[in-house]
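The values are calculated or read from the model by the stated rules, or taken from the named source; none is laboratory data. On a predicted model such as this, the values are computed, not experimentally measured, just so you know. Counting neighbours? That spans all protein chains shown, and the Cβs are built from the backbone with ideal geometry, glycine included.
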Amino acid sequence: MKTFKKELKAFKKQLSEPKRQTNQARQRTASDINAEEETFSFTDAMQGVTPLSQDKIEPDNQVELFKKSQQVKGKHLKHSKQLAASFDFSDMYQAALPQEGPMRFCQEGESTHILKQLRRGDYSPEMTLDLHGLTREMAKAELAALIHTARKELIDCVCVMHGFGQGVLKAALPHYLVQHPHVRAFHQAPLEYGGQAALLVLVDIPLQNNKR
């Protein structure tokens, strides 16, 4: 009987030995893993990883882009204003203007009394354009800009200086003015505004502020 118990005890010990070894192996494995994790660095983790390219806009670049966009807007705005102020005067058009007496013109539908007012100086020009030294193309551009600005500023009378003699611009100016739809009338200027060297021009300004 005692012999049987010893054999049984030895048998149980043999059965428990593999289990104890397995537990020891597991403990060693867990310890090894913890040790490896402690020595594993961020640099090791990033090995083999390709850095992303920079796709963000730096603040300085954003400012530059904003400035460029504003410049483009400014150019478009300036171009729009230039278009609004432009008028295509023709050098071929020849109006039926008086051959005698002072240079004068009155738009159809306007009272001829305004010519007398212009001659007497009842209208005082608030803007003056001097065409001396300008070419035809320059003069036409400046003339169109003058009329545009006068309407914008609600100025109904302007003075255009063309000079004395028989200059090209002096001869062409009345024919330019006749073509513009916002010119009501013009007359040779009184002496105080240039006399034979200038024209007083009456501009058709917006109705709510018109002096008609």
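Data overview
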item	result
Set 205, 114: member being in a loop (DSSP other than H, G, I, E, B), among the aliphatic types (A, V, I, L, M) and surrounded by 18 or more Cβ atoms within 10 Å (Cβ to Cβ)	205
Selection within the stretch 148-163 - over 30 Å from the mean Cα position of the chain (by Cα) and either closer than 13 Å to residue 103 by Cβ or small (Gly, Ala, Ser) (or both)	160, 162, 163
Residue match in the stretch 113-127 (condition: modelled with pLDDT under 90, more than 22 Å from residue 163 (Cα to Cα) and of a type in the set (A, V, I, L, M, F, W, C))	no
Test: residue in the stretch 127-142 that is part of a helix (DSSP H, G or I), touching a residue at least 24 places away in the same chain (Cβ under 8 Å) and of a type in the set (Ser, Thr, Tyr)	no
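Yes/no matrix, rows are residues, columns are (1) surrounded by 16 or more Cβ atoms within 10 Å (Cβ to Cβ); (2) acidic (Asp, Glu); (3) over 20 Å from residue 207 (Cα atoms):
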| site | (1), (2), (3) |
| --- | --- |
| 109 | no, no, no |
| 120 | no, no, yes |
| 133 | no, no, yes |
| 154 | no, no, no |
| 175 | yes, no, yes |
| 192 | no, yes, yes |
